[in-house]
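Okay, structure first, notes after.
Any read-out appearing in this document is the output of simple, stated calculations on the displayed coordinates, not a laboratory observation. Just so we're clear, the structure is a prediction, and the values are computed from it rather than from any experiment. Cβ placement follows ideal geometry from the backbone for every residue including glycine, while neighbour counts extend to all protein chains displayed.
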Amino acid sequence: MHNKIIIYPGTFDPITLGHMDLIERSLKIFDKVIIAVAQNSNKKTLFSFTERIDLIKQIFTGNKKIMVDGFTGLLVDFAKTKNCYAILRGLRVVSDFEYEFQMSGINRILNKDIETLFLTPSEKYAYISSSMVKEVAILNGSLTKFVDPIIQIAVEKKLSSITAKSS
């Protein structure tokens, strides 16, 4: 019998209310969620790998059903080390589906025991992406409807330090 743990992988740069919505909703189905922060060297991130892990841990401090861990390499290998056989992926728009469908197929070839569960975010979060959050922040817009207050403070602080360095 498999334990009811699901892995939710992503870069989470930064984690948004949309991500958090999927995490909370997946806990209606699974006993535990492992937020697997990817160290993706192909992406230019606002926050470092360690900063992303630390920020997410701050948000979910005290919630014993949510674990935060970083990983490098193949997600299926990381999942196996955690005795996890389900991957959570969010689908915001139709264009997400093609990429996610390919990834789930590759993951199934790499490990036939891994299943992928697709969830769509609540309607009020369907338009939110980490990229959009960063764009709004760069243009001095309010992030209150897009991210947790911990993230809002961290983004503002990070952007002000980048601006100070470039001045």
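Take the alpha carbon atoms of segment 5-126, find their radius of gyration, then divide it by 2.2 N^0.38 Å using N residues; give the quotient.
Numbers: Rg = 13.6 Å, N = 122, 2.2 N^0.38 = 13.7 Å.
In units of the 2.2 N^0.38 Å rule of thumb, it is 1.00.
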Candidates per trypsin sites (Lys or Arg not before Pro) in segment 90-131, loop by DSSP, up to 14 other Cβ within 10 Å = LYS112
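Please give me the summed charge of the neighbours of GLU51: other residues whose Cβ is under 13 Å from its Cβ, Lys and Arg +1, Asp and Glu -1.
Details: positive: ARG52, LYS57, LYS157, LYS158; negative: ASP13, ASP54.
Charge balance in the 13 Å sphere: +2.
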Got the relative contact order for the chain handy, in percent, Cα pairs under 8 Å and 6 or more residues apart?
-> 29
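Using DSSP to define loop residues, name the chymotrypsin sites (Phe, Trp or Tyr not before Pro) in segment 67-143 whose beta-carbon has at most 16 other beta-carbon atoms within 10 Å. The partial results should precede the final answer.
Numbers: sites: PHE71, PHE78, TYR85, PHE97, TYR99, PHE101, PHE118, TYR125, TYR127; in loops: TYR85, TYR127.
Counting only loop positions with at most 16 other Cβ atoms within 10 Å, the chymotrypsin sites (Phe, Trp or Tyr not before Pro) in segment 67-143 are TYR127.
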For LYS112, the lysines lying under 20 Å Cα to Cα, once residues fewer than eight places off in the same chain are dropped, come out as LYS4, LYS80, LYS82
Report the net charge of residues surrounding PHE30, where surrounding means a beta-carbon distance below 13 angstrom and charges are Lys +1, Arg +1, Asp -1, Glu -1.
-> +3
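Please state the relative contact order of segment 6-95 as a whole percent: Cα pairs under 8 Å, 6+ residues apart? Before the final figure, lay out each step's value.
Numbers: 104 pairs, mean separation 36.3, N = 90.
Relative CO of segment 6-95 lands at 40 percent.
Go ahead and estimate [θ] at 222 nm for the chain from helices alone: -39,500 (n - 2.57) per DSSP H run with n ≥ 4, summed, over the residue count, rounded to 500.
Details: 6 runs with 72 residues, N = 167.
That comes out to -13500 deg cm²/dmol.
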